[in-house]
Structure formats: structure tokens, C-alpha cells
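The values are calculated or read from the model by the stated rules, or taken from the named source; none is laboratory data. Everything numeric here is computed off the predicted structure, so don't read it as measured data. Heads up, the Cβs are rebuilt from the backbone with ideal geometry, glycines too, and the neighbour counts pull from every protein chain shown. Areas reflect the complete protein model, heavy atoms only, side chains present, ligands, DNA and RNA absent. Shrake-Rupley method; radii C 1.70, N 1.55, O 1.52, S 1.80 Å.
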Amino acid sequence: MRAILTTAWNGDVRVTYPAAEMFDAMSSGGYWRDRPRGYLWAQIERQIEAGIDPDHAKRFAYALEFGGLTTAEVYEVLRDRDCARHGKDHDLINPIELPGRWFRDAWSRGHNGGPVWVNLERARVIQRAKIDTAVAEENSRRRGLRKRLYKLDELTIDAGIRNARDDEELRRVWPEQLQRH
Amino acid sequence: MSQNDMSLANANGATFRADVNSALQALASNNGGSSAPSTTYANQWWFDTGSDILKIRDEANANWVNVASLVGTTWIPYSNGSVLGTLANLNASSVSTSLAMAAGKSIAGALTSVTSGTPDFATMGNAVTLSSTATANTLGTTQAGFIGIIHYGVAITITHNGTSRILPTAANITSTVGDVEIVLSLGSGNYRTVAYMRADGTAVGAGSASTAQMKAASSTAVFSSPGRQHSHPAHPKAFTAGRYSAGAPESPGTAYGVSSVADTGTGIMTVNFSTAFSTAKYIPFGMCQRTSANSGLWPSIEQSTDPTTTACAIAFASDGATNTDPDYYGVGFIGDQ
């Protein structure tokens, strides 16, 4: 199963995973066959009211009701209906091409789309926040056990974060005694 | 016609001869008379001129047994005390073997076509087909136990009547072309529908609920079918589940009523519905699991994105502020579609 990559209007990366059910439904049709007359039009109107482009709403509804689409066409319909209004530069990708999720919120793309890469400056902030969270959780655990609290060597950690040359090196900056999760 | 005691008494010549002639005439006329012979014998014949019935004395010489009835010039035989001769007079005890029907023949004969007015089973046999302006609220008067079949070649409303036209679930039926109804006569022109099958093969009555009945969720006379149970208000209209461990949220293979799931950031995903809700006031629910941390994690509606009728953004967080990827999640939505 492939996914649809989108650059959101705020620059974030959005990855949309189609449901397997859609491929069967848009191939065979009859998705709302037990519904009363006029339900197809009600569905189109509701989607338009929810902000979906009228043409995209119609094509999506027709596909579910009448079927006949190929796999490639299903991706197209879902791209238009579920992704188009949220951003630009839509690409069909294999999810294994994506970077690891550790720095998910630092994922970025070029101005004209293309592959996903990790924005190192945003990743440094994320890494420090993750370490702070791990310290807080560790000290919460120690308080319960009435143990001495863990004290982070901030100078060493901050230096490591600041000097990391790529996301792999940055991810390795981690206090030895803390659980990584 | 005459009767005689069939016993020749001692007498003079003329009287004896008259007695012999009377006995012979009685034999020749089967002891015909409006009342039974005064002297009876086992297996003796008697033609009852009062009711035109030929009778025979039983073996015990105790009772007269009807043998045949003379109607005009036609003899109609009896069996077990009842007149035979027409199917209308048959009953189960008078028929010792099954009736053999000619191939392709029905009991009543033809399928009677009714193009206007109401069918009358009393004159049309037991199978009718309705078309044009025919109606079916009355069906004629037949004896109780009669079974009639109605084929609908026209869409009409059959009106329930608690006495004369008892329909399944006590509700009116709007026929469609091709429907078939089987009715049981209760006598006096009253009928109960014992089966009503739609042209598409579904039954009326204790059959499957319509979408409207499922949404109303009040009927106790119909059953939900797999293709319509999702219309019940308490049934989840959409759900999806998956793991983040594969890089995720993974492709929603475990999903229902969902067109896609969008990964929009750490611990945030948007569920897009394949069928739009009638209002954005539906009920999201779900759970998630975080296996590697001390604190729990809960799904909630993402704070900066209001739910719409076509999508809902879900955030996973332990403290309400820091979104975190769960290892496993399952979320669903209940509402009206």
C-alpha cells in the first residue's frame, strides 16, 4: 500500500494512508446501496459543506456509488478528496522511504515538493525536549521509590546537540542512564 | 314402490299371491318409500323417497348406511357418511390416498388475471395475478382454511385490517411488481397473510429491517441484516486501529467507514470518513497503548482542529499538551450518517 505525501500549508509534512476498503468499494461500487433515494446527493452536499471542493466531492461519491475505478484512479480520488485542501505538492510514495519517526515534527520538503528530509535545527529542539521529558519521567519514578533525583549534565548534552552534524548523530545524544522511548 | 316384510304368511290362494307380488315389487323397487321398512334385514336395500337417498342396512341390522344420493338424474356416491362427487365436498377422512394431479395443472385451474377491482377467490380459484387498477384489500368469501396466492403485477397499497385483512406486523404493505402473497382464509371474507415475499427475495414481516427502521431503533418485529445494521444509532459508523511501530500510523487495514488516515505530526492523526456524518456532533471514542513509558497516553480531539462531518483529528497525549506517538491505537466514531 502506498501513501500520499503532502506539504501542508504551514510547511509541515502530511502523510495520508488510504484504507484498503476504498479500493474494493471504488472498484465494485454500491457503497450506499441500502440507503434511501437521494442519499448520494446528500453525501456530496455534506462534503462540500465540510470544505471539500465540489468536483472532488462528486467524484469521490460517484466512485463509491458506481465503482469502476482502477487502483491508480482510487489514489487520485483520495488525493483530491482527503489531501488537496490541506496542502500542495502531492506525491505517491512508499512509506519505507520516509525518515524514522524520532524527529517526525522536523520532517520537511523542498519548496517544490520532493522527498522528505529532517530539518536539523528543528530536530535539535525536539531532541532536547525529548531528553527533558525522559528526565521528568525518570525523576517521577524515583520520587515514587524515594530515591535521589537524577540530575542532567546539561552542558554536555547541550554541546552534543549543538554540534551534531546530522539527525543520526543528533539522535545518539542521550543521557546514558535514561530510558529512550 | 312398495315395501314388504318379506315373510309369506299362511293364507288362501288370492291373498298369498298378493303377498308374493308385494314382496317381489318391494325387491324390484329397493323397498322404496318415505319411511324405512318396518321389518328390516342385514344388507337390505331401501330407497328413501323423502330425501332421494339409496341406503343399505348394515351387517348388524342396526343402522341404515347412505350409499348414494339421487340429484335430478345424477347419482352422487357417499363415503363415510358424506357425499362424494365434487372436490369441494372432499375432506381428509374421505380420501384414503393422495389426489393425483395431471402434470402442470393446479387445483384451481388457471392463474386468474384481475385488471381492475378486487379479486374474488370464491369464483376465481386459488391463484390470481393483479395488474393495472386492481386492488387487494378484499378477496371474496371462501371457507375457512382456504389458501390463496396473489401475484402482484402492479404497485399498490395493501391496507392492514385487524379483522378482514391481517398483514404481518399490522402495517400496510406497498407492493412492488413481482411480489407474491399467500393468504389463509379465516371464513366470512376474512384473510390473514401467512407469507409475503418481495420480488427481490426478501420477506415482509419478520424479515429484515429497512434503513429507516434501523435508524428509528424502535421496532421489535423485524431483524437487522448485516448490510443495514450499521444504520442503527448505536453502531459505530467508522473506526480504525493500527500500530505506529511500523513507521506509521500504519495503513489502516483494520478500518471501517474510513477513506484514509493522515499522519500530520507526532501523536496526531486525522481520520477521514468515507461516509459524511449528518452533523459534526458525533461521538469519538478510543484507546491507545504506550509500552515503553511510565505514564499513560490518551486519545483526544486535537485542540486546534474542530471535527467536521468528513474528518476528525485525533491527538495522543499523556498530559494534554505534549503529543506522543502511541504504540497501538484504536479509535471509533458513533453518530448519524
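For a quick check of your reading of the filter: which chymotrypsin sites (Phe, Trp or Tyr not before Pro) in segment B:112-206 sit in a DSSP loop and have no more than 13 other Cβ atoms within 10 Å?
Taking segment B:112-206 and a limit of 13 other Cβ atoms within 10 Å, no loop chymotrypsin sites (Phe, Trp or Tyr not before Pro) are found.
Sequence neighbours fewer than 8 away in the same chain don't count; with that in mind, list the lysines whose C-alpha is under 20 Å from A:Lys130.
A:Lys151
In degrees between 0 and 90, to the nearest 10, how far off the longest principal axis of chain B does helix B:13-28 point, with axes built from Cα atoms?
That works out to roughly 20 degrees.
Can you give me the C-alpha center-to-center distance between segment A:78-100 and segment B:253-294, rounded to a whole angstrom?
17
Working with all protein chains in place, sort A:Ile93, B:Ile301 by solvent-accessible area computed with a 1.4 Å probe, largest first.
Ranked from most to least accessible, the order is B:Ile301, A:Ile93.
How crowded by other chains is A:43-52, given as the mean number of beta carbons from other chains within 10 Å of each beta carbon? Walk me through the numbers on the way to the answer.
Working: counts 6, 1, 1, 11, 6, 2, 5, 9, 4, 6.
Across the residues of A:43-52, the mean count of other-chain Cβ atoms within 10 Å is 5.
Where in segment A:1-65 are there trypsin sites (Lys or Arg not before Pro) that are in a DSSP coil and have at most 13 other Cβ atoms within 10 angstrom of their Cβ?
Listed in order of number, the matching sites are A:Arg33, A:Arg37.
Would you work out what percent of the accessible area of chain B, with all protein chains in place, is carbon or sulfur (probe 1.4 Å)?
Percent of accessible area from carbon and sulfur atoms in chain B: 56.
Give me the net charge for the shell around A:Gly68: Cβ to Cβ below 14 angstrom, other residues only, Lys and Arg +1, Asp and Glu -1. Provide the component values of the computation, followed by the final result.
Details: positive: A:Arg59; negative: A:Asp24, A:Glu65, A:Glu73, A:Glu76.
Computed value for this residue: -3.
Solvent-accessible area per residue for the protein assembly as shown at a 1.4 Å probe radius, Å²?
For the protein assembly as shown, the solvent-accessible area averages 52 Å² per residue.
By a straight-distance test (C-alpha under 23 Å), which lysines pair with B:Lys281 as possible cross-link partners, with residues fewer than eight away in the same chain excluded?
B:Lys215, B:Lys237
Just to verify a number: what accessible area does B:Ile173 come out at with the full protein assembly present, 1.4 Å probe, Å² rounded to tens?
Rounded to the nearest 10, that gives 0 Å².
At most 12 other C-beta atoms within 10 Å and a DSSP loop state: those are the exposed trypsin sites (Lys or Arg not before Pro) I care about. Give me the longest piece of chain B that has none. List each step's numbers first, then the result.
Values: sites that count: B:Lys105, B:Lys281.
Between exposed loop sites, the widest span is B:106-280.
For a paramagnetic label modelled at 7 Å from the Cα of A:Ala136 toward its Cβ, which residues of segment A:102-125 fall within the zone defined by backbone nitrogen distances under 16 Å?
A:125
Probe radius 1.4 Å, ligands and nucleic acids left out: can you give me the accessible area buried at the B-A interface, summed over both chains, in Å² to the nearest hundred?
3000
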